[in-house]
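Novice: Pasting a structure here, questions to come.
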Amino acid sequence: MKAINIHNRPTDRHLRGLDQSRFGDLCQETATPFMILRTEKIRGQLNRLRRAIPRTEVFYAVKANNHQAIIQTLTEENGRFDISSAAELKQITSAGGRADQVIHSNPIKSRLEFDTAVETGVTTFVVDNPDELEKFTRYEGRAGVLLRFKTKAGGSVVDLSYKFGAERSDLPALLDRIRDMKIPFRGFCFHVGSQCLDCSKYTAAIADAGQLIALAEERGLITEILDIGGGFPIEYTDGVPDIETIGAAIMTALNQYIDPRVRVVCEPGRYISGEAATLIVSVIGKAVRDGRKWYYIDDGLYGSFSGRLFDQCSYQILTNRNTKWEKAVLAGPTCDSFDVIYRDCLMPPLDIGDILIFPTMGAYCSVSATEFNGLGSARVIPVDW
Ligand SMILES: Cc1ncc(COP(=O)(O)O)c(C=O)c1O
């Protein structure tokens, strides 16, 4: 297993611009575990992404973190949303967002989910297979389709073309079926995989999209939208290409392969919310087992660290302790032996009551947390600094 960076003198860089004095005050007065969610960071990431890829409209992928403060902040910034369910849709409409400006990106929808979205006013749905297309019959032109195609594997930490995406060879028949069923055709979409570290994955997929747009046009289907998905990376324990570098590569490919009349959208999740949340936990117990120190903290794999499993993620650890480091095990608070966050990390000796800080826990952490053992999940505290 990869070694984890532990910083025992957290600098501003590690804390990602968090106001250290206000942060210190909040830590003094709040019971752990809790997460600070910075809405200013959400705004900053949205606007930086908009500047980096000026040809795209940003639809935030709510699945990354559906906290209402994020949805509200993005709505105020005229942001749009990509949803997976009726529950996410409800959060958007209750923040004042418009259903007809939402993309429903779940390629498989139950009838109830589909009906609810159409009745609420969603008009754009992602599909990647013929059986899903048949479900459109009952909506008589009220539901339009974005066809998702598979991208080549590799280059990303989380592969999203394993479960979804039509093969290139299936696309002509799917396009014919869309035309014959008279389903409003919106265009194409893809996802290069989450935490994508290789810009060429975007440029190759955009080149493919250029060919598919021509293939659709031969069938009389005009592409309105190209949705280039999410995948934009953030820094956890290792460096990543910055968004300006990725954006420049995407812009070059868009200008080369995609007609300027096509509306280009993206669906970032992690990039918008990942750096906006910082988790604060306490050491609640310790033991020595087989000669190795074990520290038990009040959040674990069944809580905010669920991203260790589902998102294949390693989070940076910050501590104020500054003594000699030794190998240790970091475990969660439940009675399950499986609930071990890091089996082999270098830690300074810790005491019960010590605090550990985990920056960059705003994406795919709280959303997949459970309340296993009745322990609840970390309280999320939105702040505007
Ligand atoms: C369809 C779709 N769009 C967007 C996203 C967001 O991806 P990311 O968080 O990598 O930007 C995902 C992530 O699973 C997704 O499945």
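Novice: Any idea how many residues of the stretch 270-315 are open to solvent by 10 Å² or more (accessible area, probe 1.4 Å) and either over 30 Å from GLN68 (Cβ atoms) or out of contact with any helix residue (DSSP H, G or I) (no Cβ under 9 Å at 6 or more places or on another chain) (or both)?
Specialist: 16
Novice: Going by what's in this entry, would GLY231 be described as within 17 Å of LYS201 (Cβ to Cβ), buried (at least 23 other Cβ atoms within 10 Å of the Cβ) and touching a helix residue (DSSP H, G or I) at 6+ places or on another chain (Cβ under 8 Å)? Write out each step before concluding.
Specialist: Numbers: within 17 Å of LYS201 (Cβ to Cβ): yes; buried (at least 23 other Cβ atoms within 10 Å of the Cβ): yes; touching a helix residue (DSSP H, G or I) at 6+ places or on another chain (Cβ under 8 Å): yes.
In short, yes.
Novice: So which residues in the stretch 83-112 are more than 15 Å from the ligand (Cβ to nearest atom) and either among the basic types (Lys, Arg) or over 19 Å from GLN68 (Cβ atoms) (or both), if there are any at all?
Specialist: Correct list: LYS90, ARG98, ASP100, SER110, ARG111, LEU112.
Novice: A follow-up question, please. When residues of the stretch 247-298 are filtered for being within 16 Å of the ligand (Cβ to nearest atom) and closer than 22 Å to VAL62 by Cα, how many remain?
Specialist: Residues flagged as within 16 Å of the ligand (Cβ to nearest atom) and closer than 22 Å to VAL62 by Cα within the stretch 247-298 amount to 15.
Novice: Name the single residue, out of those in the stretch 316-343 being among the charged types (D, E, K, R) and without any contact (Cβ under 8 Å) to a residue 60 or more places away in the chain, that is surrounded by the most Cβ atoms within 10 Å (Cβ to Cβ).
Specialist: ASP339
Novice: Checking the conditions here, which among ALA69, ALA52, ALA61, ALA87 is within 24 Å of LEU37 (Cβ to Cβ), out of contact with any helix residue (DSSP H, G or I) (no Cβ under 9 Å at 6 or more places or on another chain) and not aromatic (Phe, Trp, Tyr)? Before the answer, list the steps.
Specialist: Numbers: ALA69 fails: out of contact with any helix residue (DSSP H, G or I) (no Cβ under 9 Å at 6 or more places or on another chain); ALA52 fails: out of contact with any helix residue (DSSP H, G or I) (no Cβ under 9 Å at 6 or more places or on another chain); ALA61 fails: out of contact with any helix residue (DSSP H, G or I) (no Cβ under 9 Å at 6 or more places or on another chain).
Just one listed residue meets the conditions, ALA87.
Novice: Which one is nearest to the ligand (Cβ to nearest atom) among residues in the stretch 150-187 that are closer than 24 Å to VAL118 by Cβ and aromatic (Phe, Trp, Tyr)?
Specialist: Selected residue: PHE164.
Novice: Also, I was wondering about something else. Looking at ILE258, ILE250, which one is more than 25 Å from the chain's Cα centre (by Cα) and within 20 Å of ARG80 (Cβ to Cβ)?
Specialist: None of the others qualify; the one that does is ILE258.
Novice: Can you pull out the residues in the stretch 355-364 that are farther than 20 Å from THR30 by Cα and open to solvent by less than 10 Å² (accessible area, probe 1.4 Å)?
Specialist: The answer is ALA363, and nothing else.
Novice: Right, something else. Of the residues LYS152, LYS109, which is touching a residue at least 12 places away in the same chain (Cβ under 8 Å), part of a loop (DSSP other than H, G, I, E, B) and under 19 Å from GLY210 (Cβ atoms)?
Specialist: Values: LYS109 fails: under 19 Å from GLY210 (Cβ atoms).
The unique qualifying residue is LYS152.
Novice: I'd like the full set of residues that are within 26 Å of the chain's Cα centre (by Cα) and open to solvent by less than 30 Å² (accessible area, probe 1.4 Å), limited to the stretch 159-187.
Specialist: Correct list: SER161, GLY165, ALA166, GLY187.
Novice: I've got another one for you. Tell me, yes or no, whether the stretch 125-139 has at least one residue that is hydroxyl-bearing (Ser, Thr, Tyr) and open to solvent by less than 30 Å² (accessible area, probe 1.4 Å). Give the steps one after another, and end with the answer.
Specialist: First pass over the stretch 125-139, keeping only residues hydroxyl-bearing (Ser, Thr, Tyr): 137, 139.
When the remaining residues are screened for being open to solvent by less than 30 Å² (accessible area, probe 1.4 Å), the result is 139.
Checking the stretch 125-139: at least one residue is hydroxyl-bearing (Ser, Thr, Tyr) and open to solvent by less than 30 Å² (accessible area, probe 1.4 Å).
Novice: Checking the condition closer than 26 Å to PRO359 by Cβ and polar (S, T, N, Q), which residue from ASN78, ASN47 passes?
Specialist: ASN47
Novice: For residues that are of a type outside the set (Ser, Thr, Tyr) and closer than 15 Å to ILE83 by Cα, tally how many sit in the stretch 120-140.
Specialist: Total meeting the criteria: 5.
The values are calculated or read from the model by the stated rules, or taken from the named source; none is laboratory data. The structure presented is a predicted model; accordingly, all values stated were derived computationally and were not measured. Neighbour counts are summed over all protein chains in view; Cβ atoms, including those assigned to glycine, are modelled from backbone coordinates with ideal geometry. We work out accessible area using only protein heavy atoms, side chains counted, and drop any ligands, DNA or RNA first. Shrake-Rupley method; radii C 1.70, N 1.55, O 1.52, S 1.80 Å.
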